[in-house]
Amino acid sequence: MRFYELFIAFRYIKANLKQSIIITTAVSIGVAIIIWIPSINLSFMDDLINRTVSSAPNITIQKELDTFETNKELFAEKFKGENLLLTDQVLTRKRKIKSSRRIIQQIKNIEQIEAIAPFAEGQALLIRGGEERGVTIKGIIPEELKIIDIEKDMVKGRIRNLTINDIVIGQTLANKLKVDMGKRVKATGVSGIPISLKVVGIFNTGLRAKDEYQAYVNLRTGQQLLNIKTDVSGIGVKVKDIYKADETADEIRTKTGLYVTSWMEDNKQILDQLNRFKLIILFINFLIVSSAATSITSVFIMLVAAKSKEIGILKSMGAENKSIMVIFLSQAVFLSFIGYFIGLLGAKLMIMGYSNLLESSGETMFSTQVPEFKINTAYAVLAFFYSIFTSILASILPSYQAAKLKPVEAINA
Amino acid sequence: MPNDEILLNLENINKVYPGAQPVHALIDINLIINKGEFIAVVGPSGSGKSTLMNVLGLLDAVTSGKLYYLGQETSKWDEKQKAVFRNREIGFIFQAHLLLPEFTALENVLMPAFIARTINHSLEERAKEILTIVGLGDKFYVKPKSLSGGQNQRIAIARALMNQPSVVFADEPTGALDQKTGNDIYNLFRKINAEENMTFIIVTHERSLAQKADRIIEIVDGQIVK
């Protein structure tokens, strides 16, 4: 037998079933939680980012700040106490671009840009019978569908090729207005002139802010409702790598001199919060690993103490120190290997259970859909190395002590 | 001066157990043991018999003096060298049988061969043969806890003989056995001693057993008196 150490180790695992179960359980609980917590949270985060990114342009170009805005401090000095109103007026006024075609020409060759579409967006009132709802109405062109991924969320009808008489609304809004496909609603914007529009599509993004307060119309209709003639309120841009949106926004800003924001800036608070959350997860994982390691160490210390006489016998027969170490370390590695797979299975079951629980408990505050939870591969791989590394680390001291036992002392123990 | 017949040579061996009151367990031991000798070590309890056996078996280090095995001085050997030497050249039979409870009788006997990484079919046959000789031919696959103290002691004896060592140290090997089995074991030792020129050093309280030995070493208070 070339590796008698493994033969002895496996026999010990079998013979000391209670200890083996305790170690395996400690590892599997650790692994399950190490995988489960980040998987759930990262699924939520990914879902939130995906929905946020896919429901709005990666980059939005608006009109450059006018002189009121750039000289805000000067005006503030001059009109003490009125600056708030002034800013408000400026912000309202600045959101119009006259020459969107020229701007599109200017930026269309930027490498990161995948799609560009002008839009007309503003507040409007939708009326159906006795029901009235304030919404954000967005006038779009077909190219817009490359920028916001709304088509996948369509539950009824279409959003492509909207005519000037069409409107697409969210499921929640449709329910509140009590309208369905083919029905008409009256829309009134800042122009004050009501336009009758036919519901040709209903979407359900899962984001309450969209499903209840967003409506899409043809760009021309939007311009008419907002009374901006042929101007647009902004230009939406989709980039190839969403995490390079900031850099691309800078490039567009330099080229056009316009007011450009990326989704990362717009959602800075959420992103910061998510990053802080990731740090907390890391910390929690560290605590879990530490507690699992402590229990493994104590079990192994007990095991070595119980086996000291046998260690002495093995040494008297010529077993070397490193062989004694291998006997104990290999038990730890093997049990943590088993523990890992049980933990992985546990994590999978916990994720399924959690998903079912959320589905049965209904809507959340921000979302009307439960995200698709899946095991985070990176954390599953990390948990594998965690479990093996932790068990080695946790058992190395007791194994070393076992190896260093003097045969006579061990036999007489 | 190396002599091919000398197995063990002890020169001024001292063993002191440190502590608040140090115990001088072996005092200036000088001893030569030849290959193939059958020796009994006798003496009252606490006289240093077991300490001498542990020192001779390289299980315990000496405090001073020199211990030669087959002409080689052992104090410079590291743990690994001692382990390899114990595995190849020394067999132990402890007072308490000290078997590995998780393993069967056959596996316990094979353990020295496992450790030497030399296990093969013929060694397994040899282990079975030794077990049969010690009267356990029908207990190959039985674990120690299902066997009596005497049967376990016989497994320990079989284990000590497994690797065909140069020397077997036995601490009260027949103490737990009835007289007939004790005699059988003694006869087995003698037979192996004669056939394989294996040295036996037996620590015993039994005068009758000691008197059958080629030489008796008597220890009193850590010193060889005879």
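The values are calculated or read from the model by the stated rules, or taken from the named source; none is laboratory data. In this text, all values refer to a predicted model and were calculated from it rather than measured experimentally. Note: ideal-geometry Cβ built from the backbone for every residue, glycine included; neighbour counts use all protein chains shown. For accessibility, only protein heavy atoms count, side chains too; no ligands or nucleic acids. Shrake-Rupley method; radii C 1.70, N 1.55, O 1.52, S 1.80 Å.
Numbers below:
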quantity	calculated
Region B:6-224: C-alpha pair distances exceeding 22 Å, %	50
Shielding by other protein chains, A:307-317, mean Cβ within 10 Å	6
Selection from A:VAL190, A:ALA402, A:ILE159 lying farthest towards where the dipole of the protein assembly as shown points positive, charges on Cβ	A:VAL190
The protein assembly as shown - charge dipole about Cα centre, Lys and Arg +1 at Cβ, Asp and Glu -1, debye rounded to 20	2080
Helix-derived mean residue ellipticity, 222 nm - over chain A, DSSP H n ≥ 4, -39500 (n - 2.57), to 500	-19500 deg cm²/dmol
GNM top mover of A:PHE203, A:PHE389, A:PHE119 - chain A, alpha-carbon springs below 10 Å	A:PHE389
Protein accessible area in region A:95-257, 1.4 Å probe - carbon and sulfur %	47
Charge dipole (debye, nearest 20) of region B:6-224; +1 at Cβ of Lys and Arg, -1 at Cβ of Asp and Glu	240
Chain A: DSSP helices with Cα axial extent of at least 15 Å and average Kyte-Doolittle hydropathy no lower than -0.5	A:4-15, A:17-55, A:83-94, A:268-306, A:321-361, A:377-404
Size of region B:68-134 as Cα extents on the principal axes (Å, biggest first)	38, 28, 22
Euclidean distance of C-alpha centroids, region B:193-226 and region A:129-161, integer Å	103
Most mobile of B:SER166, B:SER75, B:SER208 in a GNM of chain B (Cα contacts under 10 Å)	B:SER208
Peptide ranges A:329-337, A:373-381 listed from the most packed, as the mean C-beta count within 10 angstrom indicates	A:329-337, A:373-381
Partner chain coverage, peptide A:402-410 - average Cβ within 10 angstrom	3
Computed lengthening from B:VAL220 to B:GLN21, 0.36 nm per intervening residue step minus Cα-Cα distance	69.7 nm
Exposure rank, largest accessible area first [A:THR25, A:THR205; 1.4 Å]	A:THR25, A:THR205
Cα lying deepest toward the dipole's positive end in the protein assembly as shown, options A:ILE280, B:ALA96, A:VAL199, charges on Cβ	A:VAL199
Nearest-0.05 FRET efficiency for A:ASP46 and B:GLU79, computed from C-beta distance (R0 60 Å)	0.65
Backbone N within region A:116-145 under 14 Å of label point (7 Å from A:ARG184 Cα along the Cβ vector)	A:127-129
Buried on assembly, region B:103-123 (at least 50 Å² less accessible surface than by itself, 1.4 Å probe)	B:PHE103, B:PHE114, B:ILE115, B:ARG117
Number of partner chain Cβ atoms within 10 Å, mean per residue of B:159-170	1
Surface share of carbon and sulfur [accessible, 1.4 angstrom probe, percent] for region B:1-160	50
Solvent-accessible surface ranking, highest first, for A:PHE341, A:PHE7 at 1.4 angstrom	A:PHE341, A:PHE7
Solvent accessible area, Å² - A:LEU282, 1.4 Å probe, full protein context	90
Heavy-atom accessible area ranking, 1.4 Å probe, most first, across A:GLU320, A:GLU111	A:GLU111, A:GLU320
Where labels lie 7 Å past Cα in the beta-carbon direction, separation of B:SER148 and A:LEU382 in nm	6.3
Kirkwood hydrodynamic radius of chain A, Cα pairs, Å	26.2
Most positive-pole-ward Cα, B:MET162, B:PRO22, B:VAL42, against dipole of region B:6-224 from beta carbon charges	B:MET162
Within region A:98-234: Cβ-based charge dipole about Cα centre, in debye rounded to nearest 20 (Lys, Arg +1; Asp, Glu -1)	400
Pairwise burial B:A, computed as accessible area of each alone minus the pair, summed, 1.4 Å, Å²	2400
Whole-number accessible area per residue in Å² for the protein assembly as shown, which is evaluated in the context of all protein chains at 1.4 Å	48
Gaussian network model of chain B, springs between alpha carbon atoms under 10 Å - residue of B:GLY65, B:GLY19, B:GLY91 with greatest fluctuation	B:GLY19
Fraction of beta bridges assigned by DSSP in the protein assembly as shown that are antiparallel (%, nearest 5)	65
